[in-house]
Amino acid sequence: MTAITETTLMKFRTTIATLFLSLAACIPFHASAQTGWPSKVITYVVPYPAGGTTDILGRLIAQKLGQALHTTVVVENKPGATGAIGSAFVARAPADGYTLLGASTASHAINPVLNAKLPYDAIRSFEPVILIGTIPSVLVVAADSPYRDVQALLAAAKKKPGTVSFASGGNGTILQMSGELLKEQSHVKLNHVPYKGDVPAIQDVMAGHVDFMFAPTAPILAHVKGGKLRALAVATRSRVASLPTVPTMAEAGVANFEAEQWQAVFAPAGTPKEIVQRLNVEINRILQDREVVAHLDELGVTIVGGTSRQLAEHQKADIAKWAKVAKAAGVTLE
């Protein structure tokens, strides 16, 4: 009786194992097995001009992603309206995994709260794929500026309201909004001077034509180390590795002040979840590649990665933050 039971049990286990293997063979391990994706060229849209941070990141990721997916990923620049033109193009694209968007804080957190006529919904029109990383802003003044620290700058602004000016790369950029955030939190009046891009703004700060600006680390690092700019503080929670002696805004006396740009990848709303997941997995791997890490370090990008849900949460929190700043400052874009 015992022998019969053991034999029957063994046959039962064998049958179950065979059935399991048969079912497993039918289950796809990744998106391409289920959908045939990708079977053609993928377009990675950069909604800004060539040469900027979003463009450089897009080309770096596109090359590596193409290798990982055994296809070609081409970068297409569609600049204009602080990222709105390219973003709207992707929002209208077929949700089939063949069109991606290299987005930023401007296009997907600030524009949505400043422009009521934006031709896309920053949340509903897209599927979040991955948060590539963040870029700290640095409060800089000219090397010969009388302001040796943030408190001296704010004291001058309080003593003579409206006489202290700050530059930015344009209306609606995070660099402008960083200045607006400083106005709100410090209760001072500052004059905003917008430029057509970060470079001319930085040049005029160096020349002393504008008192200060919040700038990305990459374009000002050489000027700070070369003695042409003085970095007063970084707008991050912790100090920045490339500027280890520069205090955070909190250390400089402005509590709870953070203004980091971020770079991310989105797909059109409705893109199949298995494709979004595959993209997330592959780009997370790319962000661990030594060559990519080195390039991002040069750009001053702090790598984040993570899940698509984490990007969605980060974006929503940033939208709420900048909406509050925009309302307090009365800043709008039409």
Using modelled amide H (1.01 Å from N, peptide plane; none on Pro or chain starts), what sits under 5 Å from the amide H of residue 45, excluding residues fewer than 5 places away? 76, 100, 101, 102
List the residues, sorted by chain then number, that are 5 or more residues from residue 189 or on another chain and whose placed amide H is less than 5 Å from its amide H. 162
Could you calculate the FRET efficiency of residue 40 with residue 293 from 1/(1 + (r/R0)^6), where r is the beta carbon distance between them and R0 is 25 Å, rounded to 0.05? 0.25
Among 47-55, 154-162, how do they line up from the highest to the lowest mean number of other beta-carbon atoms within 10 Å? 47-55, 154-162
Given the Cα-Cα distance of residue 285 and residue 184 and 0.36 nm per residue of separation, how much length would full extension add, in nm? 32.4 nm
How much net charge surrounds residue 230 when only other residues with a Cβ under 14 Å from its Cβ are counted (Lys, Arg +1; Asp, Glu -1)? 0
Among DSSP beta bridges whose residues both lie in the chain, state the antiparallel percentage, nearest 5. 60
Points 7 angstrom from Cα along the Cβ direction at residue 116 and residue 327: gap in nanometres? 1.4
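Please arrange 71, 271, 134 by counting, for each residue, the other beta carbons lying within 10 Å of its beta carbon, fewest first.
Lowest count first: 71, 134, 271.
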Nearest-0.05 FRET efficiency for residue 67 and residue 269, computed from C-beta distance (R0 22 Å): 0.20
How much length would be gained if the chain were fully extended between residue 199 and residue 277, taking 0.36 nm per residue of separation minus their Cα-Cα distance, in nm to one decimal? 24.4 nm
Can you give the net charge of the other residues whose Cβ lies under 12 Å from the Cβ of residue 221, counting K and R as +1 and D and E as -1? 0
Relative to the longest principal axis of the chain, what angle (0 to 90°, nearest 10) does the C-alpha long axis of helix 174-186 take? 60
The stretch 140-234 - charge dipole about Cα centre, Lys and Arg +1 at Cβ, Asp and Glu -1, debye rounded to 20: 220
So how strong a dipole does the chain carry about its Cα centre when Lys and Arg Cβ are +1 and Asp and Glu Cβ are -1, to the nearest 20 debye? 380
Within a Cβ distance under 12 Å of residue 243, other residues only, what is the Lys/Arg minus Asp/Glu net charge? +3
Within 10 Å, count the other beta carbons around each residue, average over each peptide in 254-261, 242-249, and list them highest first. 254-261, 242-249
Dipole check, the chain, charges on Cβ (K,R +1; D,E -1), about Cα centroid: among 286, 69, 208 the Cα furthest to the positive pole belongs to 208
Take the Cα of residue 148, step 7 Å along the line toward its Cβ, and report every residue of the stretch 207-236 whose backbone nitrogen sits under 15 Å from that point. 230-232
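Throughout, read-outs are computed from the coordinates displayed, never taken from laboratory work. Note that this is a predicted model, so its numbers are computed, not measured. Glycine also receives a Cβ, built like all others from the backbone with ideal geometry; neighbour counts cover every protein chain displayed.
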